[in-house]
Structures are given as structure tokens and as C-alpha cells.
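Working notes for the structure below.
The values are calculated or read from the model by the stated rules, or taken from the named source; none is laboratory data. Please read all numbers here as calculations on a predicted model, not as lab measurements. Here the Cβ positions follow ideal geometry from the backbone for every residue, glycine too, while neighbour counts run over all protein chains shown. For the accessible areas, the whole protein counts, side chains as well, though only heavy atoms, and no ligand, DNA or RNA atoms are used. Shrake-Rupley method; radii C 1.70, N 1.55, O 1.52, S 1.80 Å.
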Amino acid sequence: MKTLKLGLFENAQTNAGGTATWRHEDSERHLFDTLGYWKRVAALCEDAKFDFLFLADAWGWSEVRGTRPAIATEESLDLPRLDPAIVAAALLSATTDLGLVITGSVLVEPPYSFARRMATLDQLSQGRLGWNIVTTGTADTAVKAFGMDMVAHDERYAMAEEFLDVVYKYWEGAWEPGALEKDKHGRFADPERVHLVKHAGKYFRSEGYGNTAYSPQGTPVLFQAGASPAGRRVAGRHGECVFIGDGSVEQLAGHTSAIRAEAVNAGRAADDVKVMSALACVVGATTADAERRYQRILDAQRPEVTVASYAMFTGIDLSSYSHDTPMAELSTEISQTQLARFADKTVGDVLRDWHTHGVGAKPIVGTAEEIADRICTLADGADLDGFLLSPTVQLASTTDFIESVLPILRRRGVVATEYRDGESLRERLTGSAQPTLPANHPAAAHRHGTQ
């Protein structure tokens, strides 16, 4: 079996994944707006040798029939939240090896400012940065805040392709590696190795010099998620680490093979894309104990949250449909992934399922050995490269996994026990011999002023 990579999924807000379990007695996520909380999270991850901390994000909020429901505010379903880039920056001095992956939308921000922010973080972290590329799942409300028109689902992926083209030009082509000389008896930089970027496309226009010089990785490690055909195409062409949801071995294997096929279609190797599945678990001394603990988590959440939560991710008000309505009859231009996963279900099925785990993974409930067995079965059977742990109650869930499940996985030799000195996040996750993108990646075409 492969050596599995591990990341921790977090949100810079009180709740995560469309659930609202902040009332649970063990939940500490209400402290998300304190630096101390994030330092504790980062220390947990780094001490356990997790490969990265993943910070999800969204710009929008929940609306049902055009109005933000009171339940969303009462339970902090979506707001308030913090900027994940600033949280990551605050953790740079508190970590030395942990990768930091932040979510950034291609829909609502100019690529020029985004390129500088990411290059700055990659520079200051010495090559530990990753970018989760999103087209904004809560786009229907986010566009109103930014004074923009709504963009259809597949067109947002076309925008993403062009956004990537622009930031690649600044990250890979504006400053050549080695352009900075910093010679006090000579010159600070070589003007022959600093290049003007020009881009005029359908969605973006930019002309200028990169604000930041070439960073340790050049382009941050590229993460992507999305089960729609358009999302898979972008993942196959650009992604280095692609996240998929949970499911059976057969379901996950189908997603994995489809993503790797898209990579091959784009002229890359199948193994150039590392596929990681969502993972949630509730650990107990016995299976029955774990089931009791899981029920207490479910009981901590008000059922009224469910309709508002699903609307936040999809724009669909399930309360306006009868429970026996087939989900296949509904449509959305927001997150088609969260519609496609229920294609064979009814509205009533979705309401029951969503209440238990929202957009996140359905927890594996059992003893530490049972959970470790399931992890190995999924990884081996679905050709997975790793897992993104999504805690049901934070920090308790992460601590339970680290103290009880992780030692078993280590004894079985399927996860790393130490960091390698000096490795960039790209080298650690992809097995690359260098911190920069390989020559067969689309970004590499923009190097050395060739754009």
C-alpha cells in the first residue's frame, strides 16, 4: 500500500461542512476567532506529522427564497468567518514543517492581487503553501456582495482556466529563478530576468510586473475538488491534489479513475494527480460506545439548520418541495456536486442525510481498529493517495484520531512518522525531486518570459 498523506480540514468559522454542532459540550470551534485556537490546531497537526492544514472558505451565505433565515445567524451556520490567508499568515511563525493550504476563489477577486498574496505566503513559509482552487460554491450570494452578475456553473470553470493562466504568468514568468542577486557591491536584481506580463482575455485583463519575485515553489501546490464533468476537467489539467467525497470502495474508485483519465487526456501522467478522500470518524472504546457518541453529536444540532444549510451550498430551498420529489428533477448553477451526489434520492432522503453530516464525509463510527481497517480498505481498493480528516467536533475529534487511530496506521506502516528536512509541500505530497512544478504542467509554459 502507498504511504498515505494526511490533511486536516478546518474552517475559520464556528461550524464546518454545513452542520452546526457548536453546542456540543466538547466543541471548541466557537473560539475560531482567537489566535490561541489556531495555534493549538496547528500544534496538533504538526506534532502528529500531518502533511498539511487545509482552510476552507466561502464568500457567500445562506438564503432561502432570497432571505437570510434567522436560524443561520442563531446557529452561526455560515457567518461570521475569518480570512484564511490571514489565519495562515498568523501560523507561519508557529509552525516549521506543516503545509498550509488556503481556499481562494477565481470568481470574485482580480488575479493580480491574488497572485501577490499567495506568492508572499509561499515566500514566508519557505515553500509550504497550497491553494485550493474554487469557483465559489456560494456564488449566488457572493456575487451580490461584490456587485457582480451571476455566472453559470460551467462558465465559472472557463473563468477558472483563464484565472489560472494569468496567475501562472505572474508566478512562473514575471521573475525568473535567480533574478534576485542582492549584491551590495553590484545590483539587487538582473533586469534581463524580470519580465512584463501581458494578458487580454475574455474574463481578465492584466499588464504589469509581478509584485513578488519567484517564490520557493513558484506556483503553490494546486488543490481542487469538484465532481462535475467541468470540475474534473480542470482537476485533470491543473490539479496536483484532488479531493473527492466519501463513499464505498466502488464509488471512490470510479472517481479516482475518472480524474486520472482526465490528467492523461491533458498530457500528464495518471499519477501526477494525487487523489485524497474526505474522512470523518467517531471513535469509541466499543462499537456501541462509538454509536452513542455519534448520537450525542447529532443531538447537538437543531434540525431547522438543515434547509438553510443545503440552500447555502446549492441555492435550492428543499422546504418548497414535497419529501417524495426526486432530486433528479431539481437543478442548480451553484454547487452541482451537492446535487449530483443525491441523483438517485428524494428530497426527504437528502434532508435526513444532510442533517447527519452536511457537505462533509459520513463518519466511520466504531473502534480505533475498525476505523483503521476501513481506512486501509478504502485506500487500497480505490487507489487513494491519502485522506482529508474532517472533524465532527473540534478539537476532540482530531485528538481522538491522533491518539487512537493514527498509532495503528503507523504500526501498519501506511503513514509517515516524521517530516523530511527541507522538503517543500510539493515534494512531500507529490514525490517530486524539486519544489517547482514539472515541465508537463500547463504553468511551466510561462517560465522565463515565454508567455
Which of the lysines could a cross-linker bridge to Lys144, judged by Cα under 19 Å and excluding same-chain residues fewer than eight apart?
-> none
Just the Cα atoms of region 331-395: what Rg and Dmax do they give in Å?
-> 14.5, 41
For n ≥ 4 DSSP H runs only, could you compute -39500 (n - 2.57) per run for the chain, divide by its residues and tell me the 222 nm figure to the nearest 500?
-> -10500 deg cm²/dmol
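Relative contact order (percent) for the chain, with alpha-carbon contacts under 8 angstrom and 6 or more residues of separation? Spell out each step's value before the answer.
Details: 905 pairs, mean separation 105.8, N = 451.
Result for the chain is 23 percent.
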Calculate one ³J(HN,Hα) per residue across region 52-60 by plugging θ = phi - 60° into the Karplus curve 6.51 cos²θ - 1.76 cosθ + 1.60, and present them in order as whole Hz with x for glycine and proline.
-> 7, 9, 9, 10, 6, 6, 7, 9, x
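Could you tell me the relative contact order of region 373-451? Use alpha-carbon pairs under 8 Å, at least six residues apart, and round to a whole percent. Intermediate results must be reported in sequence, preceding the final value.
Working: 25 pairs, mean separation 7.4, N = 79.
In percent, rounded to a whole number, it is 9.
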Compactness of region 126-186, expressed as Rg and Dmax over alpha-carbon positions, Å | 17.7, 55
When all C-alpha to C-alpha distances in region 201-318 are sorted into bins of 5 Å, what percent of pairs does each bin hold, rounded to whole numbers?
-> 2, 9, 12, 11, 13, 15, 14, 11, 7, 4, 2, 1, 0
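If R₀ is 41 angstrom, what is the calculated FRET efficiency for the pair Ser320 and Asp154, using the beta carbon separation as r and rounding to 0.05? Don't skip to the answer; put the middle values down first.
Numbers: r = 25 Å, r/R0 = 0.62.
The pair Ser320/Asp154 has a calculated efficiency of 0.95.
Would you mind calculating the gained length between Arg116 and Ala328 on full extension (0.36 nm times residue separation, minus the Cα-Cα distance), in nm to one decimal? Please list the in-between numbers first.
On the way: separation 212, 0.36 × 212 = 76.32 nm, distance 4.21 nm.
Computed gain between Arg116 and Ala328 is 72.1 nm.
Could you tell me the calculated FRET efficiency between Arg374 and Ala189, based on Cβ-Cβ distance and R0 = 35 angstrom, to the nearest 0.05?
On the way: r = 53 Å, r/R0 = 1.52.
Step by step, r from the Cβ atoms, then E = 0.10.
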Run the accessible area of region 129-255 with a 1.4 Å probe and give the carbon-and-sulfur part as a rounded percent.
-> 50
Enumerate the whole-percent occupancy of each 5 Å bin, from 0 to the last occupied one, for all C-alpha pair distances of region 206-268.
-> 4, 16, 23, 18, 13, 11, 8, 4, 3, 1
Among the DSSP beta bridges whose two residues both lie in region 36-195, what percent are antiparallel, rounded to the nearest 5?
-> 25
Here D for region 291-367, in µm²/s, from Stokes-Einstein with a Kirkwood Rh over Cα pairs at 37 °C and 0.692 mPa s, works out to 250
Starting at the first residue of region 410-422, write each ³J(HN,Hα) from the Karplus equation 6.51 cos²θ - 1.76 cosθ + 1.60 with θ = phi - 60°, in whole Hz, x for Gly and Pro.
-> 5, 4, 7, x, 9, 9, 6, 9, 9, 7, 8, 4, x
Inter-label distance, nm, simple model (7 Å from Cα along the C-beta direction), Ala439/Arg411 = 4.7
Among Ile297, Gly358, Val106 the positive-end extreme of the charge dipole of the chain (Cβ point charges) | Val106
Estimated FRET transfer efficiency (Lys345, Val264; beta-carbon r; R0 30 Å; 0.05) = 0.40
Quarter of Cα convex hull surface for region 70-172, i.e. mean projection, nm² = 7.9
Among Ala372, His441, Tyr310, flag the residue with its Cα farthest along the positive direction of the charge dipole of the chain, charges on Cβ as +1 for Lys/Arg and -1 for Asp/Glu.
-> His441
Surface accessible to a 1.4 Å probe, per residue, for the residues of the chain, Å² | 41
Show the residues, 5+ positions off or on another chain, whose built amide H is closer than 5 Å to the amide H of Ile364.
-> Ala280, Cys281, Val282
Given unit charges at Cβ for Lys, Arg (+) and Asp, Glu (-), the dipole magnitude of the chain about its Cα centre in debye, nearest 20, is 780
Could you work out the relative contact order of region 293-426, using alpha carbon pairs under 8 angstrom and six or more residues apart, expressed as a whole percent?
-> 18
Say each of Ile86 and Asp271 gets a label point 7 Å from the Cα, pointing the same way as Cα to Cβ; how far apart are those two points in nm?
-> 4.3
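Tell me, in nm to one decimal, what length is gained between Asp47 and Ala70 on full extension, where the rule is 0.36 nm per residue of separation less the Cα-Cα distance? Spell out each step's value before the answer.
On the way: separation 23, 0.36 × 23 = 8.28 nm, distance 3.98 nm.
Net length gain for the segment: 4.3 nm.
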Rounded to the nearest 20 debye, dipole of region 1-63 from Cβ charges on Lys, Arg, Asp, Glu = 240
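Could you please state how large a percent of the accessible area of region 1-84 is carbon and sulfur, counting protein chains only and using a 1.4 Å probe? Don't skip to the end; give the middle numbers.
Working: 1810 of 3370 Å².
So the carbon and sulfur contribution to the accessible surface is 54 percent.
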Give the span of the chain's Cα atoms along each principal axis, as three whole-Å numbers ordered largest to smallest.
-> 70, 51, 43
